[in-house]
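Below is one structure; the comments refer to it alone.
Only the coordinates and a few stated rules stand behind these numbers; no lab work does. As the structure is a computational prediction, the values presented were derived from the model and not from experiment. Here the Cβ is made from the backbone with ideal geometry for all residues, glycine too, and neighbour counts use every protein chain on show.
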Amino acid sequence: MNISYEGHHPIKVSDGKVTFIKVANSAVYRDFILSFQGKSDKVKFFDEHYNQLEKNKAIDWVGDVLITQDCLNYTRLS
């Protein structure tokens, strides 16, 4: 899967693995969080053939590792 942020190179993500995305810009961080929550379209998700995926089918958004309690202890229910 690829994660695309407007105007930047795509981020390749491996299925079944935890992915950490580090950003050093608060506006970019906000765009990612809002997109992961489904409140913005600046970050998009694509399969390996660049067919767009729905956010809720592409990722399991758990939260920010630094501020979400027990984020790393998350167990997928489905």
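With a 10 Å radius around each residue's Cβ, average the other Cβ atoms per peptide and rank 41-53, 12-24, highest first.
Descending packing order for the listed peptides: 41-53, 12-24.
Reachable lysines from residue 55, Cα under 17 Å, same-chain residues fewer than 8 places away excluded?
12, 17, 39, 42, 44
Expected output is a single nm value to one decimal: the length gained when fully extending between residue 25 and residue 12, i.e. 0.36 nm times separation in residues minus the C-alpha distance. What is it? Kindly include the intermediate steps, with their values, before the conclusion.
Details: separation 13, 0.36 × 13 = 4.68 nm, distance 2.01 nm.
Net length gain for the segment: 2.7 nm.
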